[in-house]
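Chemist: I'd like to ask you about the structure that follows.
The values are calculated or read from the model by the stated rules, or taken from the named source; none is laboratory data. Note that the structure is predicted; figures quoted are calculated from it, not measured. Note: ideal-geometry Cβ built from the backbone for every residue, glycine included; neighbour counts use all protein chains shown.
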């Protein structure tokens, strides 16, 4: 039986890389996107909270910062909230815990949220969304761990769990 | 109880495929009549088993039998019965079960309808289909088992299907259409495998192949269009096509399927392009499997795809196996399919078909590369990249425009001649139509190069399509028949030919509508307090009120907007935001006013505490004509499937040599006993040419 | 001899319509590529180049706002409205172009926003997405363009934070070249294959067969057939 070589050659050239790369694709979760900001200086910003207070991020340098982007309407934020309350109490004086809520959040909603679930730190209002953009926030909640020299050392997308939070905080100190 | 019965049925289907497929291959090899009869029976048995399993699942869904895991996953007591019934395909396991049903129906369809006219190939065809059925039965029995019993305690209520799938009626018909298209591509694949295994292509192969290629292509056309329409009516961003991986996945086999339909025409007429047609059909099937893998495995992310699932590796393994099988089969048998190119010569019309195939395959290749690139780039560079709308538009639009031009140029070229004067005359004749279309576009204010080119090409193509499509009827009318009668006879005699022109007409309409709608969209956004109005394109949109409605499964905020045009109220629209307890972001439900010339599309962006709203209004011209054009394409496809009226042709046949050729071709088209008919296969190709060759023709 | 020459002449004529089709297709490709490469300005849009005073006022460095910070707590009290929360110049440098405003700003914002991917809605450009984050990104885009940042600078600004993921059109560097060049290579390869087939059939035609044999009438049309034979004679 005569064997025609063209289909074998073309099939191998197209098929083998196709199958191999698709198989490699299983190793990546398409929903996990590594932040390009890791190891880079955290963008500094000035934001106000709903009570008339404000923060200048640049002035926090010298102490590590946990920067948490959350929202009052976000379900996973409810889940991670108690962990942050606990950590903020434990690391008081050592680490700044800063919260940022998005454009569409309101004073009432944030107040109601923290009254129910406890307060772990100030919630600054990212009124025009620029700070979330500067940090490359995808879906809430997201947490950035900033070292005392102002570089971002770690980012957690999605709700924190106890182990991740502990490890990240220890790495900061 | 239910779940045991269901699993039993699936195992029976698996068993039937496992037995039927080898029997079929053996019967094909030995040419055994009895083996073929058994294969047909088993194929029918497979279909019946799949039907029963699906009916059983429907019963479980409608009775809210939460002891069946799939029902516990997608069912909910609050969901209306119609939605409950269609949630069969709202999630992964159910959709694979439904896939099994469609595959079963196609297998039974081939076993029954191709009992005659495809005998030499039928055993192999059915055996291949059952082999594919074996894989899907395995999926349903194992990795994606919808009948698995729910681990105790059995819940009293479930979460209900995905909210996105609940809120539009199109979701009821869009997935079945897509499945009928996708799964249907198994039939031509099986026929191509049969041809390779037999090592020949005869008329009893080409005619059934074309029909079974037309059917899924038609369904796929409808399915893709309904998907676009759904995303337009539901997703709230004002567009209908975003080059999302799921959309691309349905688009890929459609492109190669159409390429195969065109190369089959050359195969029929000239006896060439045999291997190429077979390859296109094989690729089409592989692309349906690849597309399903992409959207079901969680390897690419997409709006509509099901999330990470265990069937990914199984699909990849099947794809690899199918690819290997196809490549080996081709390398062993392709030399038997080589036509007789030395005797045939390339002439203009065939050249147009070549270019058509080149362009369609190039579009497919581009879309494929673009869709896969993020997966490849991540493996190689470890970086997430996106390939989206701007890329696809930049790369594919020039190819599509060339295709539009070809719809005009191709049919204008005469068959079987390359005489320069003739070709030039044929190509120059439609130019006034192109100029007229260009003038109309300019007069209407179009200045964008893309739209002007589209209009000019469309005018050209429209002229050629109308001219060619009506030629037979006009000839009859000239002979004194009434116009109506001439048209009727022309349609009945050559429905496939006319169907093709109807499809071309639909394509032209769709192309123009897409170009116009994507270029001339206008958009306004604003915050409106009650009583205030937003103005866009001569409309004043006045907010009359905001209402919040608590529904069983969601909270809905609705804005009532009155539409004024020229000081008169012309209607009301009520865009809404739906807040589902399980969803973070509210889902916008747009409100659309569809018109002949343009659509007004309102999306509610947000509702303030003071009763003011954020409103986005989009006016898009010509959207309706996209849907209309696609419907025309589907209607044309259906027309292609109508068997030609043979008896009438035979009555007139013996008058001239040309008419005899006509009779031969018509009888070929009908798929009846085709002894005399030609155009197909090595022996056949002279038949089509013979009478014409006898026609007076000077030689140098 | 004469016969052979005639055949040769005819054979070369054979491919010319096909060449015409190919040429027309190539022209169409070229024309649309050009049309796309240079975005056509909508008719009747006055192009403003003069910087607008109102827009310039928005370009306020963040340091000014943070100047009165109480460094002990990191908190500042501010009553004044409309302050810039952060200084983009710190991240991408000063604007490389003149400030823009009006219709030009809107059309350029829209064009640029349709090249960036909405981070929460998958696959949609931010220009089309109704989600809050996409709206914020569009307004950030408008803001940067208004202050004179170039398209490239704005894209860089977003890529800095979101990675290449945010670009709906892959860059034309490194491995990404594959996605741009492979389709073109495929098209050229296909065209080459067709051309080769064309040549081989022409050779076959030269070597004896009658190349212009009309082999099948068009649409069962005796009239056309008659015309054809008349033209031939």
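Chemist: Do we have any residue at all in the stretch B:71-84 that's modelled with pLDDT of 85 or more, under 29 Å from residue B:316 (Cβ atoms) and surrounded by fewer than 23 Cβ atoms within 10 Å (Cβ to Cβ)?
Modeler: Within the stretch B:71-84 (the criterion being modelled with pLDDT of 85 or more, under 29 Å from residue B:316 (Cβ atoms) and surrounded by fewer than 23 Cβ atoms within 10 Å (Cβ to Cβ)), the answer is yes, since at least one residue qualifies.
Chemist: Of the conditions (1) within 14 Å of chain A (Cβ to nearest Cβ); (2) more than 16 Å from the chain's Cα centre (by Cα); (3) in contact (Cβ under 8 Å) with a residue 40 or more places away in the chain, residue B:270 satisfies every one except a single condition; which number is it?
Modeler: Condition (1) is where residue B:270 drops out.
Chemist: Picking from A:79, A:87, which residue would you name as being more than 9 Å from every other protein chain (Cβ to nearest Cβ), in a helix (DSSP H, G or I), in contact with a strand residue (DSSP E or B) (Cβ under 8 Å, 6 or more places away or on another chain) and more than 27 Å from residue C:86 (Cα to Cα)?
Modeler: Details: A:79 fails: in contact with a strand residue (DSSP E or B) (Cβ under 8 Å, 6 or more places away or on another chain).
Step by step, each of A:79, A:87 is checked, and only A:87 is more than 9 Å from every other protein chain (Cβ to nearest Cβ), in a helix (DSSP H, G or I), in contact with a strand residue (DSSP E or B) (Cβ under 8 Å, 6 or more places away or on another chain) and more than 27 Å from residue C:86 (Cα to Cα).
Chemist: Going by what's in this entry, would residue B:109 be described as buried (at least 24 other Cβ atoms within 10 Å of the Cβ) and either at pLDDT 95 or above or in a helix (DSSP H, G or I) (or both)?
Modeler: Values: buried (at least 24 other Cβ atoms within 10 Å of the Cβ): no; either at pLDDT 95 or above or in a helix (DSSP H, G or I) (or both): yes.
No: the conditions fail for residue B:109.
Chemist: Kindly indicate the residue of the stretch C:133-188 that is within 13 Å of chain A (Cβ to nearest Cβ) and out of contact with any helix residue (DSSP H, G or I) (no Cβ under 9 Å at 6 or more places or on another chain) and also surrounded by the fewest Cβ atoms within 10 Å (Cβ to Cβ) among those meeting that condition.
Modeler: C:185
Chemist: I've got another one for you. Taking residue B:404, is it at pLDDT 95 or above and either under 30 Å from residue C:178 (Cα atoms) or under 29 Å from the mean Cα position of the chain (by Cα) (or both)? If you could, list the steps in order and put the result at the bottom.
Modeler: Numbers: at pLDDT 95 or above: yes; either under 30 Å from residue C:178 (Cα atoms) or under 29 Å from the mean Cα position of the chain (by Cα) (or both): yes.
Yes, satisfied.
Chemist: Tell me, please, whether a residue that is assigned to a loop (DSSP other than H, G, I, E, B), within 21 Å of residue B:296 (Cβ to Cβ) and within 14 Å of chain C (Cβ to nearest Cβ) can be found in the stretch B:224-238. Steps first, answer last, please.
Modeler: Within the stretch B:224-238, the first condition is being assigned to a loop (DSSP other than H, G, I, E, B), and the residues that meet it are B:235-238.
Then keep just the ones that are within 21 Å of residue B:296 (Cβ to Cβ); that gives B:235.
Narrowing the set further to residues that are within 14 Å of chain C (Cβ to nearest Cβ) leaves B:235.
Scanning the stretch B:224-238 turns up at least one residue that is assigned to a loop (DSSP other than H, G, I, E, B), within 21 Å of residue B:296 (Cβ to Cβ) and within 14 Å of chain C (Cβ to nearest Cβ).
Chemist: Can you go through B:458, B:473, B:477 and tell me which one is within 13 Å of chain C (Cβ to nearest Cβ), assigned to a helix (DSSP H, G or I) and free of Cβ contacts under 8 Å to residues at least 12 places away in the same chain?
Modeler: Numbers: B:458 fails: free of Cβ contacts under 8 Å to residues at least 12 places away in the same chain; B:473 fails: free of Cβ contacts under 8 Å to residues at least 12 places away in the same chain.
Result of the check over B:458, B:473, B:477: B:477.
Chemist: Give B:170, B:201, B:213 a once-over and let me know the one that is at pLDDT below 85, crowded, with 24+ Cβ neighbours inside 10 Å and either out of contact with any strand residue (DSSP E or B) (no Cβ under 8 Å at 6 or more places or on another chain) or more than 30 Å from residue B:551 (Cβ to Cβ) (or both). Lay out the reasoning, then the answer.
Modeler: Numbers: B:170 fails: crowded, with 24+ Cβ neighbours inside 10 Å; B:213 fails: at pLDDT below 85.
So the residue among B:170, B:201, B:213 that is at pLDDT below 85, crowded, with 24+ Cβ neighbours inside 10 Å and either out of contact with any strand residue (DSSP E or B) (no Cβ under 8 Å at 6 or more places or on another chain) or more than 30 Å from residue B:551 (Cβ to Cβ) (or both) is B:201.
Chemist: Is it the case that residue B:136 is within 25 Å of the chain's Cα centre (by Cα) and modelled with pLDDT of 90 or more? Outline the logic, then answer.
Modeler: Working: within 25 Å of the chain's Cα centre (by Cα): yes; modelled with pLDDT of 90 or more: yes.
In short, yes.
Chemist: Continuing with the same structure: Step by step: first the residues of the stretch B:603-618, then only those that are facing another protein chain (nearest Cβ under 10 Å) and within 40 Å of the chain's Cα centre (by Cα), then the one that is surrounded by the fewest Cβ atoms within 10 Å (Cβ to Cβ). Which residue is that?
Modeler: Residues of the stretch B:603-618 that are facing another protein chain (nearest Cβ under 10 Å), as a first pass: B:603-606, B:608-609, B:614, B:616, B:618.
Imposing the further condition that a residue be within 40 Å of the chain's Cα centre (by Cα) reduces the set to B:603-606, B:614, B:616, B:618.
On the way: B:603: 23, B:604: 26, B:605: 21, B:606: 17, B:614: 19, B:616: 23, B:618: 23.
Restricting to residues being facing another protein chain (nearest Cβ under 10 Å) and within 40 Å of the chain's Cα centre (by Cα), the top hit is B:606.
Chemist: Let me ask something else about it. What number of residues within the stretch B:119-145 are over 19 Å from residue B:313 (Cβ atoms) and surrounded by 24 or more Cβ atoms within 10 Å (Cβ to Cβ)?
Modeler: Start the filter on the stretch B:119-145 by keeping residues that are over 19 Å from residue B:313 (Cβ atoms), which leaves B:119-131, B:133.
Now narrow it down to the ones that are surrounded by 24 or more Cβ atoms within 10 Å (Cβ to Cβ): B:121-130, B:133.
The number of residues fulfilling the criteria is 11.
Chemist: OK, next. Can residue B:378 be described as without any contact (Cβ under 8 Å) to a residue 60 or more places away in the chain and more than 25 Å from residue C:191 (Cβ to Cβ)?
Modeler: yes
Chemist: In the stretch B:13-39, which residues are buried (at least 19 other Cβ atoms within 10 Å of the Cβ) and over 22 Å from residue B:119 (Cα atoms)?
Modeler: B:13, B:14
Chemist: Report yes if residue A:24 is surrounded by fewer than 16 Cβ atoms within 10 Å (Cβ to Cβ), within 11 Å of chain B (Cβ to nearest Cβ) and assigned to a helix (DSSP H, G or I), otherwise no.
Modeler: Considered against the rule, which asks whether it is surrounded by fewer than 16 Cβ atoms within 10 Å (Cβ to Cβ), within 11 Å of chain B (Cβ to nearest Cβ) and assigned to a helix (DSSP H, G or I), residue A:24 comes out as yes.
Chemist: Please find, within the stretch A:36-51, the residue that is nearest to the chain's Cα centre (by Cα) out of those that are more than 7 Å from every other protein chain (Cβ to nearest Cβ) and surrounded by fewer than 21 Cβ atoms within 10 Å (Cβ to Cβ).
Modeler: From the stretch A:36-51, those more than 7 Å from every other protein chain (Cβ to nearest Cβ) are A:38-42, A:49-51; that's our starting set.
In the following step, the residues that additionally are surrounded by fewer than 21 Cβ atoms within 10 Å (Cβ to Cβ) were identified as A:38-41, A:49-51.
On the way: A:38: 11, A:39: 14, A:40: 15, A:41: 15, A:49: 20, A:50: 22, A:51: 25 Å.
Only one residue fits best here, namely A:38.
Chemist: So, one more: Name, by its number, the condition in (1) within 26 Å of the chain's Cα centre (by Cα); (2) buried (at least 21 other Cβ atoms within 10 Å of the Cβ) that does not hold for residue B:456.
Modeler: Residue B:456 satisfies all of (1) within 26 Å of the chain's Cα centre (by Cα); (2) buried (at least 21 other Cβ atoms within 10 Å of the Cβ) except (1).
Chemist: May I pose another question? Would you confirm, using the coordinates I've provided, whether residue A:54 is more than 14 Å from chain B (Cβ to nearest Cβ), surrounded by fewer than 22 Cβ atoms within 10 Å (Cβ to Cβ), at pLDDT below 90 and more than 29 Å from residue B:322 (Cα to Cα)? Don't jump to the end; show me each part of the working.
Modeler: Working: more than 14 Å from chain B (Cβ to nearest Cβ): yes; surrounded by fewer than 22 Cβ atoms within 10 Å (Cβ to Cβ): no; at pLDDT below 90: yes; more than 29 Å from residue B:322 (Cα to Cα): yes.
Taking the combined requirement at face value, the residue does not satisfy it.
Chemist: Being assigned to a loop (DSSP other than H, G, I, E, B), at pLDDT 90 or above and within 11 Å of chain C (Cβ to nearest Cβ) narrows it down to one residue among A:131, A:137; which is it? Steps first, answer last, please.
Modeler: On the way: A:131 fails: assigned to a loop (DSSP other than H, G, I, E, B).
None of the others qualify; the one that does is A:137.
Chemist: Let me ask something else about it. If you take the residues in the stretch A:1-21 that are surrounded by 14 or more Cβ atoms within 10 Å (Cβ to Cβ) and at the interface with another protein chain (Cβ under 7 Å from one of its Cβ atoms), which one is farthest from the chain's Cα centre (by Cα)?
Modeler: A:4
Chemist: Looking at the stretch C:92-108, I want the residues that are without any contact (Cβ under 8 Å) to a residue 40 or more places away in the chain and have a partner that is assigned to a loop (DSSP other than H, G, I, E, B) with Cβ atoms under 9 Å, at least 6 apart or on another chain. Which pairs are those?
Modeler: So the pair list comes out as C:94/C:148; C:94/C:149.
Chemist: Same structure again: May I ask you to list pairs of residues, at least six apart or on different chains, whose Cβ atoms are under 6 Å apart, with the first in the stretch B:231-252 being at positive phi and the second being assigned to a helix (DSSP H, G or I)?
Modeler: B:243/B:389; B:243/B:392
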